[in-house]
Amino acid sequence: MKIAIASGKGGTGKTTVAVNLASYLAETRPVVLVDLDVEEPNSGLFLGAEATDGRDTFKMIPAWESTTCSHCGQCQEVCNFHAIIALPDQVMIFPELCHSCYACSELCPTSSLPMQPVKMGRMSWLSAGNLSFVESRLDIGQEQAVPLIKQTLAFVDERHAAVPIRIYDCPPGTSCPVIEATREADFVVLVTEPTPFGLNDLKLAVETMRHLDKKFGVVVNRQGLGDDRVEAYCAAEGIPLLARIPNDRRIAESYARGQRIYEHFPVVRRQLAAIMDAIKEAAS
Amino acid sequence: MKEIVVISGKGGTGKTSLTAALSWLAGADIVVADCDVDAADMHLLLQPDFARAEDFHGGQVALIDQDVCTACGACAEVCRFDAITPGNDFYAVDPISCEGCGYCPRVCPTEAIVMEDRLSGQWFVSRIRTGATMVHARLGIGAENSGKLVAKVKNEAKRIAAEQGKEFILVDGSPGVGCPVVSSLSGADFVVLVTEPTVSGLHDLQRVHELVARFRIRCGCIINKADLNLEVTAAIGEFLTANNIVALTELPYDEAFTRAMVAGRTIVEENDGPLALQLKDCWEKIKQTA
């Protein structure tokens, strides 16, 4: 089962839920935790061990062969992303704009734009007992998260095919990186906080999950803060409320130190159990 | 005209609450731009009137004419995004997967495929409670090109600021280090980094600062919830000194921010105590440094 932990708003506790849920489940069975928030991956900070094994990841970018180019200018014309400019005497390529669609390369009449790998980030992994962890981080200056998320998911599919439970720590927001991170998930956990910002962004996330036709439920983090409009919204929309993690400064302090909070707060452990029970029920 | 961009790397550090507070303090002297188009929240505190709304078309999407398609499969063969679903009589495009590259229509032997502009959001020009103009946007669900929408919002804010003779544009940026953030940073004169003393707050601050440093933009930092972990706050302080980042202010962990948010107001309207004074000083410091 693939469980994606997502949220519209950043900083609501996605990583907290993902790491704690994965570690909690790993007490009794094999689990893979995958950090797909490739722009700002944080899950690894809470595992108490460095993911030392890894490899660089690449995306394919055209490279200009000046000797064979006939300067017809077609490459610039076919590129919908303005990643190629064909000047009278040279072709300029802007790798950060390229989506690796191969159109310029394969349609070039003189085959003067062969695709070549360019580094975009790094994938690392570690295994400790029942818990396997995979994270990817985008190189600073790289703008597109989607190709790296795709490669990471493909890697996990291959390497951890036999592991029955996968937890994905997703990027925030509702745009293309989130779509990519959640599209293969069997269930999506939307983490929110009971505040106007939390509610506003939860509504966007719910709209996104409905658009993708996903099964999903909500975890309210820092319950007791703010107001009760998130719970009223979930009730009115018939969205399952999977768990409530209380607002407690000591929990925030524990998180700040890099701890897995369920190991220190029994109330959190109970909520993790409730999340799994609710997912099993909702998914069946 | 100076452009001040507030970003945080990590979400939930208080970036939007603080940007709204600074907007309130700046009054009518500025134009406000909400470039966190993916999960825009600042309107909940500044209550813009949505006076002008425009559709935003960013990118394209392929569309196959079922009557013309011969199901030859040439399109699916060239598509690198697995966006084309084969069928017996005709093929179809999955608009969620399609990145709008325009390769498939070029190989379709029957010219069954057209590229259509994709409606990927809306942008607005509003008046907020301070009398200032705010430019903001809403990205469509699952849309790409948030970077382009950010650029649109910023350019519109710049145009209005020039027209109104305003001295500053205050921009609420987006989280992360990818395309919307790069777009938020382009053309900025000063960057305000908002962080919190958690292991992830520090980690994300370092990554986003690496990005800002590439743009060679001067920056300052607000440490929010500074008393949550004094050790990490000290580590952040060292990082700021080592990288020549102006330490703007350290704010306490205070649920007054949430109470103000629930009331639909900025923290400086709700609180006239030390917190408001600190933020006033902070805004003066930002103006002077920028």
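One residue alone among B:158, B:148, B:166, B:152 is charged (D, E, K, R), open to solvent by 40 Å² or more (accessible area, probe 1.4 Å), in the same structural domain as residue B:215 (by TED's automatic domain parsing) and assigned to a loop (DSSP other than H, G, I, E, B), and that residue is B:166. Could you tell me whether residue B:141 is more than 30 Å from residue A:35 (Cα to Cα) and either within 13 Å of chain A (Cβ to nearest Cβ) or at pLDDT 95 or above (or both)? The answer is no for residue B:141.
Yes/no per residue for (1) at pLDDT 95 or above; (2) assigned by TED's automatic domain parsing to the domain that holds residue B:184; (3) surrounded by 15 or more Cβ atoms within 10 Å (Cβ to Cβ); (4) not β-branched (Val, Ile, Thr):
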position	(1), (2), (3), (4)
B:84	yes, no, yes, no
B:87	no, no, no, yes
B:97	no, no, yes, yes
B:101	yes, no, yes, yes
B:106	yes, no, yes, yes
B:110	yes, no, no, no
B:115	yes, no, yes, yes
B:133	yes, yes, yes, no
B:137	yes, yes, yes, yes
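Assessment of region B:268-289 against the conditions (open to solvent by 20 Å² or more (accessible area, probe 1.4 Å), touching a His at 6+ places or on another chain (Cβ under 8 Å) and under 19 Å from residue B:5 (Cα atoms)) yields no matching residue. Within 14 Å of another protein chain (Cβ to nearest Cβ) and open to solvent by 20 Å² or more (accessible area, probe 1.4 Å): is that true of residue A:252 in this structure? Here the answer is yes, as residue A:252 does meet what is asked. With the condition kept exactly as written, say whether any residue in region B:228-238 is surrounded by fewer than 18 Cβ atoms within 10 Å (Cβ to Cβ), in contact (Cβ under 8 Å) with a residue 60 or more places away in the chain and at negative phi. No, region B:228-238 contains no residue that is surrounded by fewer than 18 Cβ atoms within 10 Å (Cβ to Cβ), in contact (Cβ under 8 Å) with a residue 60 or more places away in the chain and at negative phi.
For region B:81-102, a residue qualifies if it is touching a strand residue (DSSP E or B) at 6+ places or on another chain (Cβ under 9 Å) and either aromatic (Phe, Trp, Tyr) or within 11 Å of chain A (Cβ to nearest Cβ) (or both), and the qualifying residues are B:83, B:90, B:91, B:94, B:95, B:97, B:98, B:99, B:100, B:101, B:102. Within region B:11-32, residues that are of a type in the set (D, E, K, R) have Cβ atoms under 7 Å from residues that are open to solvent by 20 Å² or more (accessible area, probe 1.4 Å) in these pairs: B:29/B:166; B:29/B:167, counting only partners at least 6 apart in sequence or on another chain.
Filter region A:1-30 down to residues that are out of contact with any Cys (no Cβ under 8 Å at 6 or more places or on another chain), farther than 22 Å from residue B:199 by Cβ and either more than 14 Å from chain B (Cβ to nearest Cβ) or of a type in the set (Asp, Glu) (or both), then give me how many there are. Counting residues in region A:1-30 that are out of contact with any Cys (no Cβ under 8 Å at 6 or more places or on another chain), farther than 22 Å from residue B:199 by Cβ and either more than 14 Å from chain B (Cβ to nearest Cβ) or of a type in the set (Asp, Glu) (or both) gives 8. Scanning region B:197-218 for residues that are open to solvent by 10 Å² or more (accessible area, probe 1.4 Å) and either part of a helix (DSSP H, G or I) or in contact with a strand residue (DSSP E or B) (Cβ under 7 Å, 6 or more places away or on another chain) (or both) turns up B:199, B:202, B:203, B:206, B:207, B:209, B:210, B:213, B:214, B:217, B:218. Hey, could you check region A:127-158 for residues that are within 13 Å of another protein chain (Cβ to nearest Cβ), out of contact with any Lys or Arg (no Cβ under 9 Å at 6 or more places or on another chain) and among the small types (Gly, Ala, Ser) and say which is farthest from residue A:180 (Cα to Cα)? Looking at residues that are within 13 Å of another protein chain (Cβ to nearest Cβ), out of contact with any Lys or Arg (no Cβ under 9 Å at 6 or more places or on another chain) and among the small types (Gly, Ala, Ser), I get A:154.
Select the strands (runs of 3 or more DSSP E) contained entirely in region A:156-238, then report the ones holding at least 3 residues which are open to solvent by 20 Å² or more (accessible area, probe 1.4 Å) and either over 15 Å from residue A:35 (Cα atoms) or assigned by TED's automatic domain parsing to the domain that holds residue A:265 (or both).
A:216-223
Number of residues in region A:33-62 that are assigned to a loop (DSSP other than H, G, I, E, B) and in contact with a helix residue (DSSP H, G or I) (Cβ under 9 Å, 6 or more places away or on another chain) equals 10.
The values are calculated or read from the model by the stated rules, or taken from the named source; none is laboratory data. Everything numeric in this text was worked out from a predicted model, so none of it was measured. In this analysis, Cβ positions are derived from the backbone assuming ideal geometry, glycine residues included, and neighbour counts consider all displayed protein chains. These area figures cover heavy atoms from the full protein model, side chains too; ligands, DNA and RNA do not enter into them. Shrake-Rupley method; radii C 1.70, N 1.55, O 1.52, S 1.80 Å.
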